1. Under a plain spin-label model, where a point goes 7 Å from the Cα along Cα-to-Cβ, how far apart in nm are Glu109 and Ala178?
2. As a footprinting exposure proxy, order Tyr255, Tyr279 by other Cβ within 10 Å, with the fewest listed first.
3. In a Gaussian network model over the chain where Cα atoms closer than 10 Å are linked, find which of Ala22, Ala114, Ala202 has the largest mean-square fluctuation.
4. How many times 2.2 N^0.38 Å is the alpha carbon radius of gyration of the chain?
5. List the residues, sorted by chain then number, that are 5 or more residues from Glu87 or on another chain and whose placed amide H is less than 5 Å from its amide H.
6. How much length, in nm to one decimal, is gained on full extension between Lys218 and Asp39, taken as 0.36 nm per residue of separation minus their Cα-Cα distance?
7. What translational diffusion coefficient, to the nearest whole µm²/s, does the range 1-108 have by Stokes-Einstein, given a Kirkwood radius computed over alpha-carbon pairs, a temperature of 25 °C and 0.890 mPa s viscosity?
8. In terms of modelled amide H atoms, which long-range or inter-chain residues lie less than 5 Å from the amide H of Ile58?
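Every number in this text was worked out from the coordinates using simple rules, so none of it is lab data. Since this is a predicted model, take the numbers as computed values, not measurements. Cβ placement follows ideal geometry from the backbone for every residue including glycine, while neighbour counts extend to all protein chains displayed.
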Amino acid sequence: MITTVGVLGAGQMGNGIAHVFAQYGYKVVLFDIAQVQLDKALKTIGQNLDRQAKKGAIPETLVEETLGRITATQDMTGLADVDFAVEAVTENEPLKLDIFRKLDRIIKEGAILASNTSSIPITKIASVTGRPDRVIGMHFMNPVPVMKLVEVIRGHTTSDDTFARTGVLVAKLEKEMAVSQDYPGFIVNRVLIPMINEAIFALYEGIASAEDIDKGMKLGTNQPMGPLALADFIGLDTVLAIANVLYDGFKDQKYRPCPLLVKMVNAGDSGRKSGRGFYTY
């Protein structure tokens with residue numbers, strides 16, 4: 001039975017994942033190497049819970065109860081006794097592989113190791129552990145407390161039991177599951193990133209302004225946010241990282257990242273989090 005969940009990485013995705021697990025009654029151990037990031041995550045979770053309570057989405061009493069279920073730590077060994085772990089660090093393959101090697105040695109036998117990766121093959125991640133049958137992809141959407149989808153990805157040797165137990169977790173969090181085969185980008189980013197990249201090419205080639213590209217897609221295809229504004233929200237560095245995974249994985253020119261995207265990331269213009277991307281914040 002899964003009662004305690006470990007979350008690795010206290011950034012935007014990690015704090016959201018910790019938030020929803022704690023909100024639905026799970027004890028959560030939130031790990032990050034930086035205390036300042038842990039403090040920021042707990043503050044963000046508290047603010048988001050308060051916002052939910054003010055809207056009537058959750059009772060006021062659940063705010064403190066939820067925060068009380070989260071333990072923050074800078075020591076990865078604090079995850080030793082969790083039943084299920086979700087890695088949510090930067091979309092960097094060497095970093096993720098290193099974390100899974102360490103996790104495999106630390107976390108108790110039988111526990112499931114999940115990755116929130118949006119593009120890196122689960123089979124590759126699982127291969128660095130001694131429990132590949134217990135490794136699975138659990139890709140939450142941002143912002144995690146709001147978005148209903150969880151993309152679940154089975155690696156080549158992910159067991160039926162691991163898949164079934166992950167599906168139960170998704171349901172208990174009152175989210176919907178979409179199951180993907182283990183190929184670069186899975187479902188969502190296989191479709192989304194090429195669309196964003198094409199929008200960047202349209203800007204790069206002078207077809208239209210950023211504002212008109214986004215207006216066209218919002219009003220013409222009923223999307224709530226234009227692709228360039230969405231890229232800024234995701235983070236241009238993350239968009240580029242996923243685009244490179246698609247390009248490297250399929251060796252197909254249609255996934256080639258736009259040179260403008262590369263230049264902007266090299267300049268440090270990562271979107272909302274840096275204050276500047278296709279728009280200024």
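1. Placing both labels 7 Å beyond Cα along the Cβ direction yields 3.9 nm.
2. Working: Tyr255 21, Tyr279 16.
Neighbour counts put them in this order, fewest first: Tyr279, Tyr255.
3. Answer for the Gaussian network model of the chain: Ala202.
4. Details: Rg = 18.9 Å, N = 281, 2.2 N^0.38 = 18.7 Å.
My calculation over the Cα atoms of the chain gives 1.01.
5. Leu8, Ala114, Ser115, Asn116
6. On the way: separation 179, 0.36 × 179 = 64.44 nm, distance 3.61 nm.
Stretched fully, the Lys218-Asp39 segment lengthens by 60.8 nm.
7. Values: Rh = 14.0 Å.
Approximately 175 µm²/s, per Stokes-Einstein.
8. Correct list: Ala53.
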